[in-house]
Every structure is written in C-alpha cells, then in structure tokens.
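Here the structure is laid out as structure tokens; the discussion comes afterwards.
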Amino acid sequence: MEGVAMKLPSFKSLAPNAISIGHRSFSRVRRSSSLSVFSAASSSATVATSSESVSLGHRVRKDFRILHQEVNGSKLVYLDSAATSQKPSVVLEALQNYYEFYNSNVHRGIHYLSAKATDEFELARKKVARFINASDSKEIVFTRNATEAINLVAYSWGLLNLKPGDEVSLTVAEHHSCIVPWQLVSEKTGAVLKYVMLNEDEVPDVDKLREMISPKTKLVAVHHVSNVLASCLPIEEIVVCAHNVGAKVLVDACQSVPHMVVDVQKLNADFLVASSHKMCGPTGIGFLYGKSDLLQSMPPFLGGGEMISDVFLDHSTYAEPPSRFEAGTPAIGEAIALGAAIDYLSEIGMPKIHEYEVELGKYLYGKLSALPDVRIYGPRPSESVHRGALCSFNVEGLHPTDLATFLDQQHGVAIRSGHHCAQPLHRYLGVNASARASLYFYNTKEDVDSFVVALADTVSFFNSFK
Amino acid sequence: MNTSSSFKVFASPPLIFSSRPPKSASQNPRFSYQLPRSCPKSIRCMRDSVNLRSSPNAPSALSFATVEAPLGTKTSDKLRILVSEFRSLTEPIDRVKRLLNYAADLAPLDDTARVSANRVTGCTTQVWLEIKMDEFGRMRFKADSDSEISKGFCSCLIWILDGAKPEEVMGLRSEDLSEMNVGVHGKEQSRVNTWQNVLMSMQKRTMSLVDADVAHRGGERPPHHHKHDLLFKYVNGSYMESSKVHHDYSISLLPLYYDFTI
C-alpha cells in the first residue's frame, strides 16, 4: 500500500466559483469530480511526473505564497518546518470556503448547512484514517494538537490503567509533550517512569529499551522521528517487544506523518498522535489514532456536549468513540482544511516527498558538517541510517540564539534556537540549547546553500568580535 | 581591548551618533559575507576612539558616568539617552553590533556567582544576575550570559540601573526598553524576550532585598519605602504601577555626546 490516499467524493460546493484563485488542475479536478473517485497519481499534472529536471521543491513553491517575501531586506529562507509547516493555498482556500459558504455547527442541526458541514467534517476524518491506513475512521479522534492527544491518553487511559509500581518506558529524547503528561499521571497513580538513554550513534538505545521492557511495563511511549536528533526508531520491533509483555505503545508521529508513509497497520501501534500544523494543515487541530477496542474501553477525557449520550442531573452516559473524546464544538473548518492538506500531500505522494527529503536532508547534513567547529547531533546518515531532514547543531563558542538572531537579521534565514521542547535531551548532550534547521518538501537546494553561506558569514562575524 | 579600566565597574556610556549610519552592504546578502572584513575594523575604530577621548583630555566628561551615583543622572535620564541611541540605529544589524560592543564592556562575573539562585528564569539563553544593596541603599548589579547578545542587553540594563535607588529600579518598565529590542520584533513577553525577563528578575530581587533590609532594621520603614508601597503592587509576577506617577524624562545637560562619522 503506497500510503497515498484516494480522493473521496465531496459534495458539490454551494458556490462553484468558491475556489477562485490559482486555477491549478488540482482544484478544477476536485470540483468536477463530485461523483467519482480519483486516483491521486493521475490527477494533477503540475507535480507528478512532468519534468524530472525541476526538483519537487521548485515545483511546489508557487503553492506557498508565504515563502515569496523578504524579511529584513533579504529573501526569506524558511528552515523551521519542524516547528510548523507552511500551508499551500488549497488549504487556505478550503478554510476560507468553509467559513464563507457552509459554516455551521456539526452533528447538531438538521438544516442544509449543518448537514454539509457535518459531511465535510466526517470526510476529513475519513481522509486522516485513510492517510495513516487506520481500519476505521472511528479510530481517529480529533484533538487540538498532538500534545492534547497525548494528554488524552494519559488522563483517560493512563489514570484508569496505571497502578502503583507499573512502569512507563520513555526515551530521553522525547518531546516535552510526551514526558510531562506521564509525569503528571504517574504522580497521581504511583506509576514509575523509566528512560532509555542514547547509544554511541546518538540515537535512543533500542537494545536497552528491549531490556527495559518487562512484565511491569504497561506503556511504551516513544517518538517515531526525533525533532532534534533526526533519528528514526524501529517502531514495529518495539511494538512486538511491548505486546509480548502486554504493554501498550503510543507513537508520537509528529515528525514522521508529515514526511513519510506511516501505516498504523504495519506499525501495529496502539496509539499514534500527530499535529496538523506540521503537515501543511492549519493550527488548532491534530488527531489521536487509537485501536477501536482500546478507545472503547477508555473513559471520557473532557466533559461537555457531543461526548454524551444522555445527561441527567446526577449522572450522564457517554457516547461511543470517537465522539466520546470530542467534547464541545470542534475546530470544524480546521479539520476540513487538514483534509485538504492530506489531499495535497497525497497528490504529490508521500513516497516522493520522503525520497526528496532524504536527498535534501543528506545535502544539508553534508554541507553543514563540512563547516569547521559545527557539531551536528544525532546519527550520521548512511545506507542503513536515514536521518530526518533536519539538523540540530551547535557552533563552537557561539550561542545558538545569537546565531539565529544574526541569521534572521542579516540574511533572512529562519531557523530555531533553544531546547526545541527537549530539555532532558539537551541536558544529556551537555548543552543548554542548540540551533536547528529543518526542511520540508518546499525547500530547495538553493535554500540549503543560502543557509550555509549565511551561517559561515555569521560565524566569521561573531569571531571578529572575539 | 578597552583601555579604560574604570569602565569595567559601571558599563561604558552609550555612543550617540549624530548622523545615521550608512546603508552599507548589509542590504545585499550577496556581499554580506564580505562585511565582516570591513565592519569589525570600523567597530574597533569606534571603540578605540572612545578610549582615546576618554584619556587625559576629557577625564571629567567620562568619569561622570563612572562616578558613583553621579548627581543629576537619574535612571530616567540614562534610559532616555540609551533609547535615543538605539533609535538612531535604524538597521537591526547595527543594533546587534552595538549590543555586542556593550557585551564586551560588561564587568566579568565571578564563577561563584554563576549559581542557580542567580539564574534569570524564563530565558532561552542562560543569564546570571548578581544583585546587592550597597551601604547607601542603592542597588548594585552584575550579570553574565552565555549569549553575547544577551550580555549586551544586560550591559545596557546595568548601565541604566547600577547604582540606582530601589524605587528607580522598580520604576523602569519593559515598554520603556522596547526600542532596544534586537531581533525580537514582538513586544510580548516570551522566552526570547531577554529584556523583560532580566528586568523582572532585577525588580523582583530588588524588592526582596529591600524587604530583607527593612526586616534587618527591625521593621522600621525608611521613608522611600512608603512611597514605594503606594507606587507598586506585585501582580501576577510583575510590578505594576498602582497610582499615576508622572515620570520626568527631561534630559539634564550631560557631556556624554559623541560625534562620530564612519
């Protein structure tokens, strides 16, 4: 299974001219195909197989208006997609479309607008399910973001299932969102958190993790791709180990779902979380994938409308998943726009995106490591080790914040500096902060070149002050 | 290298330009990496010129800034001078360079002071702040950071506030410093907004030193403390003015003008 979602039929828009700008074949095809299902590979002529000489990054750039601007007198070079991605115009149009033509509350009304909004919202859920190959769209719970999704599992599944002495296995490289909720819940339940450190390749030590998993382990919560180290964990293996002892596995797929094919059937994870804003979708929406029987067994997280079945003064009964975990009015437009983002990514094809990023990531790593005094964290790329398309690094004698400030002020290059919500990892590596340049499929070799030139200039600038 | 050692005690006075700095190669990224070769020299020239001027011919002019509690140089005046200096630097890169200059002039902090109790919380960079009250009841500050730009910020803040009375420290608001924001275009409080975090730390710790001082003296409140109570209350982690106070920002005559042409 290629991991490319089929475009599912959508109802005719109220106003056929709603999608006004950028008459790419993509949007035209969408409007006229209201009753047929399209295979993504054959639809858009703009990106698929037209000209191999023009790279993917160059081809898609026109879809991202935000990238065509100057900051501080220089062309913007956006290298912070691991923090949040940019959105193609189709996603923005989908959001605009929703508010302009069929905004209405979902699952509640019976009038036309409400029915349409509900259909589009549920269609978005189906698209997410299809994108990660979930067996049923009911296994997709919409949340505000991945952080909320992890908290949902922690408070709903965790509080019920973790007993004193139970162990939760994590790695030292986890994002704070996959550490703090477990800390909060372990305080309440008496469970114990165990962390696996890095090995000599600077990736979490999977052998040690295997040893750590014991009958006491109830949950293994790990990232798929690290937002600092760019390493990729062998989730399938980890899941096998965990299931052998009856433990569940939660996968933080924030840095993997946007960049490669993620198939939850293959991974066989119990829970998987991701955020829309890292995958060309809007902020304010993310999702939790949970196996049906697991979600069925979980009590509610937030209480309110939508997640109930019947409400009495002294008690209430609850809805089936996923509604059980979606209290209140959801981010309807945002979910629909996420669906549009998934369509956009699927049209290009996740394997193609991944292939492009592996190459560009290697290029970035190569150029960066060639600079003197630069220390890149994480594993070296090789035949067997494919890094994510990002590099966290430090320059000897130069604080990453100073570096990032100068890059921005003088060169318009946007990178991130700080601890990237991974303080334990930085402490383990013995640094307070690092700089991070992260790529997405709309970046080009020229972006990497500009960055490296700018970085060299920055280093010599600060050296001149010493 | 700064030859005037007295500067080390109280950060250097600001350099004020009467003419705008030229729009040099900083505009064109293609030439930017040639910039370091020319720029640092001119910056060093500026610093050397300062030192030249600080030597025998005009000792009184510059010793003005180095003397303890110079008469008439109120915190508000110093703030005004610094703000106007930064305002004259329209290119953000020039502000970075100016801050780096100030960073170099910051008095070194003892290793013994780099403890977690002295860490300024909420910053992405590490900042240590040492604060004392001297025998005249004035606040004395020393700071350091692992980031040169943060050091520059600290240097400016310390130039304004070192030797100030507690109420002057409390009277400085982060909005007053927004002109000097470098690289952080937003004015909101966030982890990258070093100004706000360091200032808040200075103010919080000033208050505790004042309270400790009061307690030490057996509860007898010095006169300025009453005024202080009326002026401020601690709300949500920051000091807010609770009554309208007219801040006098008029500049008194200070021989701290430097005329440079690059």
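The values are calculated or read from the model by the stated rules, or taken from the named source; none is laboratory data. The model shown is predicted, which means the values in this text are computed figures rather than measured ones. Every residue, glycine among them, receives a Cβ derived from its backbone with ideal geometry; neighbour counts consider all protein chains shown.
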Query raised in the report: Among the residues of the stretch A:420-462, which ones are in a loop (DSSP other than H, G, I, E, B) and touching a residue at least 24 places away in the same chain (Cβ under 8 Å)?
Result: A:His420, A:Cys421, A:Ala422, A:Val431, A:Ala433, A:Leu439, A:Tyr440, A:Phe441, A:Tyr442, A:Asn443, A:Thr444
Report summary line: Given (1) in contact (Cβ under 8 Å) with a residue 24 or more places away in the chain; (2) in a loop (DSSP other than H, G, I, E, B), A:Glu200 misses just (1)
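If you go through the stretch A:79-94 one residue at a time, how many are under 20 Å from A:Thr405 (Cα atoms) and either within 14 Å of chain B (Cβ to nearest Cβ) or surrounded by 24 or more Cβ atoms within 10 Å (Cβ to Cβ) (or both)?
The first filter runs over the stretch A:79-94 and keeps only residues under 20 Å from A:Thr405 (Cα atoms), leaving A:79-84.
If we keep only those that are either within 14 Å of chain B (Cβ to nearest Cβ) or surrounded by 24 or more Cβ atoms within 10 Å (Cβ to Cβ) (or both) as well, we get A:79-83.
Residues that pass the stated criteria total 5.
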Report summary line: For the stretch A:395-410, the count of residues that are within 10 Å of chain B (Cβ to nearest Cβ) and free of Cβ contacts under 8 Å to residues at least 24 places away in the same chain equals 1
Query - Wholly enclosed helices (runs of 4 or more DSSP H) of the stretch B:38-133 bearing at least 1 residues at pLDDT below 70 - result: B:59-66
Requested in this report: Could you tell me whether the stretch A:311-326 includes any residue that is in contact with a helix residue (DSSP H, G or I) (Cβ under 8 Å, 6 or more places away or on another chain) and closer than 18 Å to A:Arg130 by Cα?
Outcome: yes
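Please pick out the residue among A:Lys291, A:Lys278 that is basic (Lys, Arg) and either farther than 30 Å from A:Leu95 by Cβ or surrounded by fewer than 16 Cβ atoms within 10 Å (Cβ to Cβ) (or both). Step through it out loud before you land on a result.
Values: A:Lys278 fails: either farther than 30 Å from A:Leu95 by Cβ or surrounded by fewer than 16 Cβ atoms within 10 Å (Cβ to Cβ) (or both).
None of the other options fit; the residue is A:Lys291.
Suppose we filter the stretch A:424-441 for residues that are within 14 Å of chain B (Cβ to nearest Cβ) and of a type in the set (Ser, Thr, Tyr); how many remain? First the steps, then the outcome.
Here is the first cut: in the stretch A:424-441, the ones within 14 Å of chain B (Cβ to nearest Cβ) are A:426-427, A:430-436.
With of a type in the set (Ser, Thr, Tyr) added as a condition, the list becomes A:434.
Total meeting the criteria: 1.
Residues B:Pro92, B:Pro108: which one is over 13 Å from the mean Cα position of the chain (by Cα), within 13 Å of chain A (Cβ to nearest Cβ) and farther than 17 Å from A:Asn432 by Cβ?
Working: B:Pro108 fails: within 13 Å of chain A (Cβ to nearest Cβ).
Only one candidate qualifies: B:Pro92.
Yes or no: the stretch A:110-119 includes at least one residue that is of a type outside the set (Ser, Thr, Tyr), assigned to a loop (DSSP other than H, G, I, E, B) and modelled with pLDDT under 95. Give the steps one after another, and end with the answer.
From the stretch A:110-119, those of a type outside the set (Ser, Thr, Tyr) are A:110-111, A:113, A:115-117, A:119; that's our starting set.
Narrowing the set further to residues that are assigned to a loop (DSSP other than H, G, I, E, B) leaves A:110-111.
Subsequent filtering for residues that are modelled with pLDDT under 95 retains A:110-111.
Yes, there is a match, as at least one residue in the stretch A:110-119 is of a type outside the set (Ser, Thr, Tyr), assigned to a loop (DSSP other than H, G, I, E, B) and modelled with pLDDT under 95.
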Query raised in the report: among the aliphatic types (A, V, I, L, M), closer than 18 Å to A:Ser434 by Cβ, part of a helix (DSSP H, G or I) and at pLDDT 95 or above: does that describe A:Leu364?
Result: yes
Query raised in the report: Looking at (1) in contact with a strand residue (DSSP E or B) (Cβ under 7 Å, 6 or more places away or on another chain); (2) within 11 Å of another protein chain (Cβ to nearest Cβ); (3) at pLDDT below 95, which is the one condition that is false for A:Val413?
Result: (3)
Query - When residues of the stretch A:243-266 are limited to those that are free of Cβ contacts under 8 Å to residues at least 40 places away in the same chain and more than 19 Å from the chain's Cα centre (by Cα), the one surrounded by the fewest Cβ atoms within 10 Å (Cβ to Cβ) - result: A:Gly246
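Which ones in the stretch A:386-409 are within 25 Å of A:Tyr442 (Cβ to Cβ) and not in a helix (DSSP H, G or I)? Give the steps one after another, and end with the answer.
Filtering the stretch A:386-409 down to residues within 25 Å of A:Tyr442 (Cβ to Cβ) leaves A:386-393, A:400, A:403-409.
If the condition is that a residue be within 25 Å of A:Tyr442 (Cβ to Cβ) and not in a helix (DSSP H, G or I), then A:His386, A:Arg387, A:Gly388, A:Ala389, A:Leu390, A:Cys391, A:Ser392, A:Phe393 are the ones that fit.
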Report task. Six or more apart or on different chains, Cβ under 6 Å: which pairs go from a residue in the stretch A:220-233 that's touching a residue at least 60 places away in the same chain (Cβ under 8 Å) and more than 23 Å from A:Gly158 (Cα to Cα) to one that's assigned to a loop (DSSP other than H, G, I, E, B) and aliphatic (A, V, I, L, M)? Could you list them? Result -> A:Ser226/A:Ala173; A:Asn227/A:Ala82; A:Val228/A:Ala422; A:Leu229/A:Ala173; A:Ser231/A:Val203
